[in-house]
Amino acid sequence: MNPPDKPNLPDLRISYEIGSLDEADAPSDPLELFRRWIEDALEHQLPEPNAMTLATIGLDGMPTSRTVLLKGLDDRGFHFFSNYQSRKGQELAQNPRASITFLWATRQRQVNVRGMVWKLPQQEAETYFSSRPRNHQVGAWASTQSAEIPNRSWLEERAAAVEAEYEPATAIPCPPHWGGYALLPDEIEFWQGRRSRLHDRLRYTRELERWTIQRLAP
Ligand SMILES: Cc1cc2nc3c(=O)[nH]c(=O)nc-3n(C[C@H](O)[C@H](O)[C@H](O)COP(=O)(O)O)c2cc1C
C-alpha cells in the first residue's frame, strides 16, 4: 500500500497569538509561574485543567504514558493518586524517573516537568481517600487496575460485593494498594504559543535549591 502523499486529516492549523512569556515575567520560583498558569486555566473554565500526562519508563525500557489528575502541589512537588499495583505503580517502583505534561490548548500553553517520583505518606492517602465520593472509593477496591479482566460484569460484580461489605453508614477504608505520589521537579519548561511558530519556551533547571532559567528555541 502506498503511503498517502499528505496526512489524511483536515487542515487543523491555528495561529497562536493570545499570549507571550518573557524572562521579565518569569519569577525565580517556577512553581509560582505554574500556579499562575493553572489559576488562569481555572479562570478560563477549561475542562479538567489539572489533567496531566504522566510518562514513566516501562519494565522493558519503553516509555508508557497515561492521564492522571494533579491533586496537590507543594515543596515535595506535583501530587497524584493511583493504584500502587497498576502498571504505572510497578514501573515507578522499578524506576522513579518520570515526566508530566499539562496541555491547556485554548490558552496555547504547555508545561513539561521532569523529576523523581516519591510515595506520599499513607496517612495523606487515607485523608484524601476519605474525602472521595463513595462510589470512587468502591471503585478503588473493586478495580485491579491495569490487570486483564474477563469482562465488564466481573468488575461490576466486584463493585457490588464491596458495596455489600460496607453498610452505607460505615466508612470505606483506603485500600493498602492505593495511595499518593509526588513528582519532585528537576526541570520545568513553560511553553507559550506565538505567531509564526516562534513560540516562547522557558526552561527552569534545579541545581540543589537554586533554579536557573534558559530560553529554548521553539
Ligand atoms: C481525565 C483523566 C483523569 C484520570 N485520572 C487518574 C488518576 O488521577 N489516577 C489514576 O490512577 N488514573 C487516572 N486516570 C486513568 C489513567 O489514565 C489510566 O488509565 C490508569 O491509571 C491506568 O494506567 P496504567 O495502566 O498505565 O497504570 C485518568 C484518566 C483520565 C482520562
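Every number here is computed from the coordinates shown, using simple stated rules; none is lab data. Every value quoted in this text rests on a predicted model; they were computed, and no experiment measured them. Every residue, glycine among them, receives a Cβ derived from its backbone with ideal geometry; neighbour counts consider all protein chains shown.
Counting every pair of alpha carbons in the range 91-175, the share spaced more than 18 Å apart comes to 63 percent.
Bridging of K88 to lysines at a Cα separation below 27 Å is possible for K71, K119, once same-chain residues fewer than 8 apart are set aside. In the chain, taking the dipole from charged Cβ atoms about the Cα centre, the farthest positive-side position among P185, V117, A217 is held by A217.
Of the GluC sites (Glu not before Pro) found in the range 11-52, the ones in coil according to DSSP and having at most 12 other Cβ atoms within 10 Å of their Cβ are E17.
In order along the range 8-20, the Karplus-derived 3J(HN,Hα) couplings, from 6.51 cos²θ - 1.76 cosθ + 1.60 at θ = phi - 60°, round to 8, 10, x, 6, 9, 4, 10, 9, 9, 9, 8, x, 8 Hz, and Gly and Pro are given as x. For the options V111, V162, V68, a Gaussian network treatment of the chain with springs between C-alpha atoms closer than 10 Å singles out V162 as fluctuating the most. Per residue, the average separation of C-alpha pairs within less than 8 Å and at least 6 apart gives the chain a relative contact order of 25 percent. Converting phi to 3J(HN,Hα) with the Karplus coefficients 6.51, -1.76 and 1.60 and the offset θ = phi - 60°, the range 153-163 yields 4, 4, 5, 5, 5, 5, 5, 5, 5, 5, 4 Hz in sequence order, with x at every glycine or proline.
Compute the normalised compactness of the range 1-135: alpha-carbon radius of gyration over 2.2 N^0.38 Å, N being the residue count.
On the way: Rg = 18.2 Å, N = 135, 2.2 N^0.38 = 14.2 Å.
This ratio for the range 1-135 stands at 1.28.
Among M116, M62, M52, which one shows the biggest mean-square fluctuation in a GNM of the chain, springs joining Cα atoms closer than 10 Å? Evaluated over the chain, the most mobile residue of the options is M62. Taking the chain as a Gaussian network of alpha-carbon nodes connected by springs under 10 Å, the highest mean-square fluctuation of the residues G61, G19, G115 belongs to G61.
At an R0 of 41 angstrom, the distance between the Cβ atoms of K119 and N8 translates into a FRET efficiency of 0.40.
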